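The values are calculated or read from the model by the stated rules, or taken from the named source; none is laboratory data. In this text, all values refer to a predicted model and were calculated from it rather than measured experimentally. So basically every Cβ, Gly included, is an ideal-geometry build from the backbone, and we count neighbours across all protein chains shown.
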Amino acid sequence: MIIAPSGSKRLEYRFRRADQICSVRCALAAHASPVLLHKALTPRLSEAARALSHCSYCDTTEGNAFDAAAMLESGLKNVGFNSQLREPLIDDAAELGALYADVAETKKIRIRIEAIDDDGCSKFHCDNVTLRLLRTYVGPGAQWVPLDRREDALRLQGLYEGPVHSIPTGALAFFFPGALSPLGGVAHRSPPIENTGVRRLIIVIDASGALR
């Protein structure tokens with residue numbers, strides 16, 4: 001579980017966290033592109049993520065945002081994942097869960113961690129949720145198109161030849177649908193990796209009870 005520092009460092013932590021939340025909320029209201037927070041993957045987290053990416057792993061759990069660590073612990077234990085490698089993944093997921101809960105102003109969340117070796121959600125689409133947080137730990141990030149090409153991408157799908165942007169590995173990406181912004185949702189898809197030998201590991205956080 002992530003614990004904020006004590007004393008003056010705790011105050012600095014709170015100000016930094018408040019600034020993060022404010023920045024994301026303002027950006028969500030003003031833009032129809034993923035809102036990105038760049039957060040470096042630590043060596044321990046990268047090692048753990050690479051190891052889990054080679055497992056056939058997909059676990060979805062729902063509950064209180066501040067119980068995220070306990071929620072994820074059992075799933076990783078059940079597949080026999082190394083206890084030392086579990087810790088950095090659980091700590092990161094708990095921090096992301098708390099951040100999502102603050103931005104979305106909700107207490108109940110759903111977390112999915114999934115290892116992927118195919119094209120996943122290969123079609124351009126807009127998420128049918130109020131707000132989604134996505135982080136790619138391993139492999140290429142999701143691909144998205146600019147607002148003025150969204151309808152083309154949704155209509156043409158595989159025939160679409162316009163600009164496509166990729167979310168950097170490790171970045172925290174907030175996606176939103178038309179319900180949150182008058183500009184509409186972000187059209188995006190999973191990167192095409194099937195039969196390439198490339199693997200991905202992602203974490204997806206939504207509000208509990210949201211449509212998938």
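Here is the figure for the range 129-167: residues that are within 26 Å of GLU95 (Cα to Cα), part of a loop (DSSP other than H, G, I, E, B) and hydrophobic (A, V, I, L, M, F, W, C) total 4. For the range 41-76, a residue qualifies if it is of a type outside the set (A, V, I, L, M, F, W, C), part of a helix (DSSP H, G or I) and touching a strand residue (DSSP E or B) at 6+ places or on another chain (Cβ under 9 Å), and the qualifying residues are SER46, ARG50, SER53, SER74, GLY75.
Has the range 6-25 got any residue that is under 28 Å from GLU105 (Cβ atoms), of a type in the set (Gly, Ala, Ser), modelled with pLDDT under 85 and surrounded by 16 or more Cβ atoms within 10 Å (Cβ to Cβ)? Among the residues of the range 6-25, not one is under 28 Å from GLU105 (Cβ atoms), of a type in the set (Gly, Ala, Ser), modelled with pLDDT under 85 and surrounded by 16 or more Cβ atoms within 10 Å (Cβ to Cβ), which makes the answer no. Against the conditions (1) in a helix (DSSP H, G or I); (2) touching a helix residue (DSSP H, G or I) at 6+ places or on another chain (Cβ under 7 Å), ILE111 satisfies every one except (1).
Here is the figure for the range 161-175: residues that are small (Gly, Ala, Ser) and touching a helix residue (DSSP H, G or I) at 6+ places or on another chain (Cβ under 7 Å) total 1.
For the range 111-126, filtered to residues that are out of contact with any Cys (no Cβ under 9 Å at 6 or more places or on another chain) and crowded, with 21+ Cβ neighbours inside 10 Å, the residue that is farthest from PRO34 (Cα to Cα) is ILE111. Is it the case that ASP148 is touching a residue at least 24 places away in the same chain (Cβ under 8 Å) and among the charged types (D, E, K, R)? Criteria not met by ASP148. When ASP102, ASP91 are checked against the criterion of being assigned to a helix (DSSP H, G or I) and either modelled with pLDDT of 90 or more or at positive phi (or both), a single residue qualifies: ASP91.
Taking first residues from the range 39-61 that are under 20 Å from ALA173 (Cα atoms) and partners that are of a type in the set (Phe, Trp, Tyr) and at pLDDT 95 or above, the Cβ contacts under 7 Å between residues at least 6 apart in sequence or on separate chains come to LEU41/TYR137; ALA49/TYR137. When the range 72-110 is limited to residues that are acidic (Asp, Glu) and under 23 Å from ARG199 (Cα atoms), the one that is surrounded by the most Cβ atoms within 10 Å (Cβ to Cβ) turns out to be ASP92.
Determine whether the range 71-89 contains at least one residue that is over 27 Å from LEU154 (Cα atoms) and touching a residue at least 60 places away in the same chain (Cβ under 8 Å).
So far as the range 71-89 goes, no, none of its residues is over 27 Å from LEU154 (Cα atoms) and touching a residue at least 60 places away in the same chain (Cβ under 8 Å).
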